[in-house]
Every structure is written in structure tokens, then in C-alpha cells.
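Have a look at the structure below before the remarks.
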Amino acid sequence: MNANKPLKHKTTQNRAKLCGYFLMIMAGGLFFSCSKQKPSGKQVFYYNESTGIATLDPAFAKNQSIMWPVHQLYNTLVEIDSGLNIIPSLAKSWEVSENRLTYTFHLRTGIVFQDNDAFPNGKGREMHAQDVVYSLQRIIDKNTASSGAWIFNNRIDTANGFAALDDSTFQLKLLRPFHPIMGILSMQYCSIVPKEVVEKYGKDFRRHPCGTGPFELVSWDEGETMIMHKNEHYWEHDSSGKQLPYLDALKITFFDNKATEFLQFRQGELSFINDLDPSFKDEILTKKGELRSQWIGKIVLKKHPYLNTEYFGILVDQNNPLVKNTVTGIKAVRQAMNYAINRQQLMMYMRNSIGIAAEAGFVPGGLPSKNTAFVKGYNYDPAKAKKLLADAGFPDGKNIPPIKLLTINIYADIASFVARQLEEIGIPVQVEVIQKSLLLEQTAKSQALFFRGSWIADYPDAENYMAMYYSKNPAPPNYTRYKNAAFDVLYEKALQENNDSIRYQLYREMDQLVINDAPVIPLWYDMAFHLVQPNIEGFYPNALNLLELRRTRIVLLKVKSE
């Protein structure tokens, strides 16, 4: 099989289409706004979001396309630094009670919300502890219907869980000790919002965000552009006392064609891109994942492992009509599917070595539990895959009907690669490309039998990955509807374990159970992959792949004389 072929086949077709796209490329000055003009020479950062942005309400920040802009608009009590440590943000300090049930946070004073018509005279007011109470209670309020409601599921004392002791002191009470709670409070779901703005706009708060973050929304023409300006009242300063952020503005476009996105980047219309259309990977990168010589000096490649596992999920709820009488409901068949995938080949030829083949557990490397060093996953073994199929009553795939694999456009080539390898052991697969919003809806409603998925860590603890398989959790995060009583016992035990070493061992045992039962096909542990313009400074990938722009700046490059 020529595994290199999928990288090439779209190139001619895409380039033929691109002539039309040139007319659509942005024109005009360096900086503009629907509400006010700014002089040229401003520090403006540009990026494209090919999947669109569904909302700017942090209560629904369930995927990267929403997390990135939300991170610019809001702050949380605490945040995670580049070393995966919990550091202060809106809270300057905190104490934890001896029984690890009560967390008391001391808030910074003088921090104000961005200006909004909901406030008297439209001027942003000071943030207080009661705003923290409101914001966190809003997540678990059924009327909000937040996709993040699960983060406090069976963890918070719902009667007295959130309290404002005074304007600058917030207290959180747990039902039982839960080690990752600080990481959870760093999630975008836990961004602090003002009650009066949320109530003024209701569901339309998604288009009228108001936080304490480094940028504020100026305009949003859905499907076209989103513009944010620097928050002139932002509270953070750098070590020399200069106010953050350094940038004056942020502009987001929404071209859904990755080839168009790359050409915009090459023309200097975008400050960076987060991924490449498969058509261009071989032109830019070697198979080892390095820049080809002709691009060195023209663009900057930045890559760094980050906490994301790419996978194909398999619905395993035997009570679901979709699952009954399907071969994927049989564990041996799911195991065979895992052995059929040559992940090393996939990474080299389909990903140009951007990422690490997922041949261990579901939890990626980089976490203190070190799951990848201890959990045994699936290597490429088509003979073992065929034997498992035969033992399950399907020699050479006999009598197995086609299985539909749902994916989105940018992963269509990966899905086709996997489909071909499954067909080689006798499992017929039909790849169906659908819109991302539809895929998210179908997986959340347990309407997808075999589907593409990814799990970016919300906080740096393996529990976040294991929460996907706890049977009492809904979808999200338990998209496969996995249920294993032994797993649930280990999960609940881990939540109450204070000893880190013991808890990490429990995480590894849980991960091994999941891998053995195979409700998922882990494909690779991801890398943050950025192509960046040479004039961008202070822009670094991090383990959670958040778009961090507070210390990013644009510099003038010296032009070499001939």
C-alpha cells in the first residue's frame, strides 16, 4: 500500500480552486474596526478559525475553537503555567483546610469588568467574590444547560459549595477530597462573568461577552470576522511594570478551507496557523517533522507535546438500539480493530511525525502518573487482529456488514487510512464526513456508533481522561457510554486517595482496563504544531495548547541589504 498517496491526491484539486479564493483574501490596512478607525502601525495579531466559533459564553467552552477566544476575554481564579503548575490569577492566594474539603481564596482588588451597557453609564464595575459565586453556580444551574456541568458533578456541596465571605474572599466546599479541583478551577468553564450582563442579554450573552480578560470584543460578523481590542483597563503587568497585553488587537477570520488558510499565512495575512492542510504537509515538512530547507528563515516552526489524545470512539452501551446486534458491541472485534492500525506508519506518512503513535494507554505522556510508561496498548499486529475476528465468529470478516465511521473534513484522510487498514483484516468501513457541529451533537446524544474524537486535557491530571469512562458521567465526557463496575470502583477510590503515588497507580490500572475493553482506538498523542511569522515574538505553545497572547508582540524585522 502506498501510504504516502493520501498526502498528495488533493494538491492539484486544491490549487485549481485557490485561484478563486485569491479574490476573497483580506484587503485594507493593518487594523480596522466596525466601530472606530485606528491608525496604521498598531500591534495586531491575526488567526483563522476554520471550524467557526459557536459562542463566546464560557459556560459552553467545550472545544478548542471556543476556548481560544474565551481565554482572551475572561480570567479564572487560578491558571496553569508552562510547567503545568497552578498559579494565581484573579485569586492572589488561597488556603486549604486540613481535611481538604474547604478552599478559601483571597481575590485581587481593583479588577474591573470590561465596559458594557448593562452597567451604570456603561462603565465596567469592580469584580467581587459574589461574581465568583454566581459564575460557578451558573455552570451547574440546569437552566444554563452548560456543557461543563459535569466538572462539579458529585464533587461540590450543592447547598453550601460556593460562598462569598466578603467582597474579596471566596470559599469553596467539597463533598469529599478531590485532588484535581484546582485544575478544574483553571478551566475556561470557570471564567468569571458579571450577573447583570448575563441577565441583560440572556441566551444572546454568547455574542455580548464581558469579562476581566486582556481583550474585549469589538465586533463579530459571524462566519466572516471577529475583532477584539486590547482591554485598556486590564489588571496584569509584566515584570518591568508594563501593562499587558502588548498587542493592540486581535482579528479572527473564518475561512473553512485549510489550503486557503495556508496561502493567507504565506501572504502575511495571518500571524500563525495551527495546522496544515494535508496537501501541503510534504511541501513544508520532512517525514521527521522538521521544516524543509527552502522554508527555513521564511516561517518559524514551533511544536511541543501537549495533553491531547486523538482517537476513534466506539459506542458500547448495550442498551442503545444502535449497539445491539452490531459487531462493534463485541470486545474481541474492537480489540481486532485496534491491532489492525499501523500507528507508526500513520504518524510518519499522514502526520509527518507531528505527534506520537498511541501505543500505550488513552492518557498521553507529560503527566506525573506516567501512564505511557506502564500501560500496554496495541501495536500493529494484523495476524492477531484476524485471529481475534475468527475467534469471535467472523473469519476474514465474513458476514460483517459495513460500519459507518463519522468524521470531519480535516480528518477525512486519517479516517480513510484507518478504513483501508480495517478492510485489510476483513472489516468494511464507510467513511462519512459531516460538519463538526453535527458530529458533536450526535456523539453527545449517543447517536454515533463509530466516530472521530479528541480529548484535550482541561487540567493536568490523568483523572480528567479517566472521567471519560466513569459510567455515572454523561456524554460529555463519556461519549462511548463505557460502563465497567471494576473501573468505577477504582475511579471512586482514586478520588479519595491523598497519596500521589497510590493515586497514580490507580490511574494506570483504570487506563489499562479501558484499553483492554477497547471502547476507543487511540491513534496518537498530539503535539502543538504552529507555523508562525518571523516577526512574532513571545508566542509559545503550551501543554494545554491554549492560545496565549498576553506577552505576544510584533517586531520589525531587519531587511538584509543586497
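The values are calculated or read from the model by the stated rules, or taken from the named source; none is laboratory data. Keep in mind the model is a prediction, meaning the values are calculated, not measured. FYI the Cβ positions are ideal-geometry reconstructions off the backbone, even for glycines, and counts take in every protein chain you see.
Test TYR411 against the stated conditions and say whether it is among the aromatic types (Phe, Trp, Tyr) and out of contact with any Pro (no Cβ under 9 Å at 6 or more places or on another chain).
In short, yes.
For GLU232, the conditions (1) assigned to a loop (DSSP other than H, G, I, E, B); (2) assigned by TED's automatic domain parsing to the domain that holds PRO69; (3) among the charged types (D, E, K, R) all hold with the exception of (2).
Only one residue in ASP221, ASP167, ASP157, ASP204 is touching a Lys or Arg at 6+ places or on another chain (Cβ under 9 Å) and acidic (Asp, Glu). Which one?
Numbers: ASP221 fails: touching a Lys or Arg at 6+ places or on another chain (Cβ under 9 Å); ASP167 fails: touching a Lys or Arg at 6+ places or on another chain (Cβ under 9 Å); ASP204 fails: touching a Lys or Arg at 6+ places or on another chain (Cβ under 9 Å).
The conditions single out ASP157.
If you check LYS387 against the conditions, is it modelled with pLDDT of 95 or more and surrounded by fewer than 17 Cβ atoms within 10 Å (Cβ to Cβ)? When the stated conditions are applied, LYS387 passes them. Within segment 181-201, identify whether any single residue is of a type in the set (Ser, Thr, Tyr) and touching a strand residue (DSSP E or B) at 6+ places or on another chain (Cβ under 9 Å), and answer yes or no. Yes; the residues of segment 181-201 include at least one that is of a type in the set (Ser, Thr, Tyr) and touching a strand residue (DSSP E or B) at 6+ places or on another chain (Cβ under 9 Å). Any residue in segment 279-286 that is among the polar types (S, T, N, Q), in contact with a helix residue (DSSP H, G or I) (Cβ under 7 Å, 6 or more places away or on another chain) and surrounded by 15 or more Cβ atoms within 10 Å (Cβ to Cβ)? Among the residues of segment 279-286, at least one is among the polar types (S, T, N, Q), in contact with a helix residue (DSSP H, G or I) (Cβ under 7 Å, 6 or more places away or on another chain) and surrounded by 15 or more Cβ atoms within 10 Å (Cβ to Cβ), which makes the answer yes. Among the numbered conditions (1) without any contact (Cβ under 8 Å) to a residue 40 or more places away in the chain; (2) closer than 22 Å to MET67 by Cβ; (3) surrounded by fewer than 18 Cβ atoms within 10 Å (Cβ to Cβ), the only one that LYS230 does not meet is (3).
Count, please, the residues in segment 481-512 that happen to be of a type in the set (A, V, I, L, M, F, W, C), under 25 Å from THR443 (Cα atoms) and surrounded by 19 or more Cβ atoms within 10 Å (Cβ to Cβ).
The first filter runs over segment 481-512 and keeps only residues of a type in the set (A, V, I, L, M, F, W, C), leaving 485-487, 489-490, 494-495, 502, 506, 510.
Then drop every residue that is not under 25 Å from THR443 (Cα atoms), which leaves 485-487, 510.
Add one more test, that the residue is surrounded by 19 or more Cβ atoms within 10 Å (Cβ to Cβ), and what stays is 487, 510.
Of the residues in that region, 2 qualify.
Looking only at residues that are part of a strand (DSSP E or B) and acidic (Asp, Glu) in segment 74-105, which one is surrounded by the fewest Cβ atoms within 10 Å (Cβ to Cβ)?
Our first condition is that a residue be part of a strand (DSSP E or B); within segment 74-105, this holds for 78-80, 86-88, 91-96, 102-105.
Within this subset, residues satisfying the condition of being acidic (Asp, Glu) are 79, 95.
Working: GLU79: 20, GLU95: 10.
Filtering segment 74-105 for residues that are part of a strand (DSSP E or B) and acidic (Asp, Glu), the one surrounded by the fewest Cβ atoms within 10 Å (Cβ to Cβ) comes out as GLU95.
Pairs linking a residue in segment 394-415 that is free of Cβ contacts under 8 Å to residues at least 40 places away in the same chain and over 15 Å from ARG351 (Cα atoms) to a residue that is buried (at least 18 other Cβ atoms within 10 Å of the Cβ) and β-branched (Val, Ile, Thr), with Cβ atoms under 6 Å and 6 or more positions apart or on different chains, are GLY397/ILE427.
May I ask you to verify whether LYS298 is closer than 25 Å to GLY453 by Cβ, in contact with a Lys or Arg (Cβ under 9 Å, 6 or more places away or on another chain) and basic (Lys, Arg)? Answer is no for this residue. Any residue at all in segment 111-127 that's more than 28 Å from ARG551 (Cβ to Cβ) and of a type in the set (Val, Ile, Thr)? No, that holds for no residue.
Checking THR260, THR326 one by one, the residue that is over 27 Å from the mean Cα position of the chain (by Cα) and of a type in the set (Ser, Thr, Tyr) is THR326 and no other.
Scan segment 487-508 and give yes if some residue there is touching a Gly at 6+ places or on another chain (Cβ under 8 Å) and basic (Lys, Arg), otherwise no. Before the answer, list the steps.
So in segment 487-508, the residues touching a Gly at 6+ places or on another chain (Cβ under 8 Å) come out as 508.
From what is left, the residues that are basic (Lys, Arg) are 508.
Yes; the residues of segment 487-508 include at least one that is touching a Gly at 6+ places or on another chain (Cβ under 8 Å) and basic (Lys, Arg).
Based on this model, can you work out whether GLU423 counts as out of contact with any Leu (no Cβ under 9 Å at 6 or more places or on another chain), under 21 Å from ALA358 (Cα atoms), of a type outside the set (Lys, Arg) and surrounded by fewer than 18 Cβ atoms within 10 Å (Cβ to Cβ)? Don't jump to the end; show me each part of the working.
Values: out of contact with any Leu (no Cβ under 9 Å at 6 or more places or on another chain): yes; under 21 Å from ALA358 (Cα atoms): yes; of a type outside the set (Lys, Arg): yes; surrounded by fewer than 18 Cβ atoms within 10 Å (Cβ to Cβ): yes.
Here the answer is yes, as GLU423 does meet what is asked.
Within segment 123-155, the set of residues being small (Gly, Ala, Ser), outside any loop (DSSP other than H, G, I, E, B) and modelled with pLDDT under 95 comprises ALA149 only.
Note on segment 162-204: residues that are assigned to a loop (DSSP other than H, G, I, E, B) and either in contact with a Phe, Trp or Tyr (Cβ under 9 Å, 6 or more places away or on another chain) or at pLDDT 95 or above (or both) total 9.
Within segment 515-535, the only residue that satisfies the criterion of being at pLDDT 95 or above and within 17 Å of SER82 (Cβ to Cβ) is VAL532.
Quick grid of which residues meet (1) of a type in the set (Gly, Ala, Ser); (2) in the same structural domain as GLY148 (by TED's automatic domain parsing); (3) in contact with a Leu (Cβ under 8 Å, 6 or more places away or on another chain); (4) within 22 Å of ASN320 (Cβ to Cβ):
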{"position": "MET468", "(1), (2), (3), (4)": "no, no, no, yes"}
{"position": "ASN473", "(1), (2), (3), (4)": "no, no, no, yes"}
{"position": "PRO477", "(1), (2), (3), (4)": "no, no, no, yes"}
{"position": "TYR482", "(1), (2), (3), (4)": "no, no, no, yes"}
{"position": "LEU490", "(1), (2), (3), (4)": "no, no, yes, no"}
{"position": "ILE502", "(1), (2), (3), (4)": "no, no, no, no"}
{"position": "ASN542", "(1), (2), (3), (4)": "no, no, no, no"}
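Taken together, the residues in segment 289-334 that are without any contact (Cβ under 8 Å) to a residue 60 or more places away in the chain, assigned to a helix (DSSP H, G or I) and not assigned by TED's automatic domain parsing to the domain that holds PRO541 amount to 1.
Tell me the residue from LEU270, LEU276, LEU247 that is part of a loop (DSSP other than H, G, I, E, B), at pLDDT 95 or above and under 22 Å from the mean Cα position of the chain (by Cα), please.
Every option except LEU270 fails the conditions.
Being touching a residue at least 12 places away in the same chain (Cβ under 8 Å), in contact with a Lys or Arg (Cβ under 9 Å, 6 or more places away or on another chain) and surrounded by fewer than 17 Cβ atoms within 10 Å (Cβ to Cβ) is a condition met by no residue of segment 251-259. Of all the numbered requirements in (1) of a type in the set (A, V, I, L, M); (2) within 30 Å of PHE451 (Cβ to Cβ); (3) in contact with a strand residue (DSSP E or B) (Cβ under 7 Å, 6 or more places away or on another chain); (4) at pLDDT below 95, LEU495 misses one, and that requirement is (3).
Conditions (1) assigned by TED's automatic domain parsing to the domain that holds ASP256; (2) more than 27 Å from the chain's Cα centre (by Cα); (3) in a helix (DSSP H, G or I), marked per residue:
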site: SER369; (1), (2), (3): no, no, no
site: THR372; (1), (2), (3): no, no, yes
site: TYR380; (1), (2), (3): no, yes, no
site: ALA385; (1), (2), (3): no, yes, yes
site: ILE400; (1), (2), (3): no, yes, no
site: LEU405; (1), (2), (3): no, no, no
site: ASP413; (1), (2), (3): no, no, yes
site: LEU422; (1), (2), (3): no, yes, yes
site: GLN430; (1), (2), (3): no, no, no
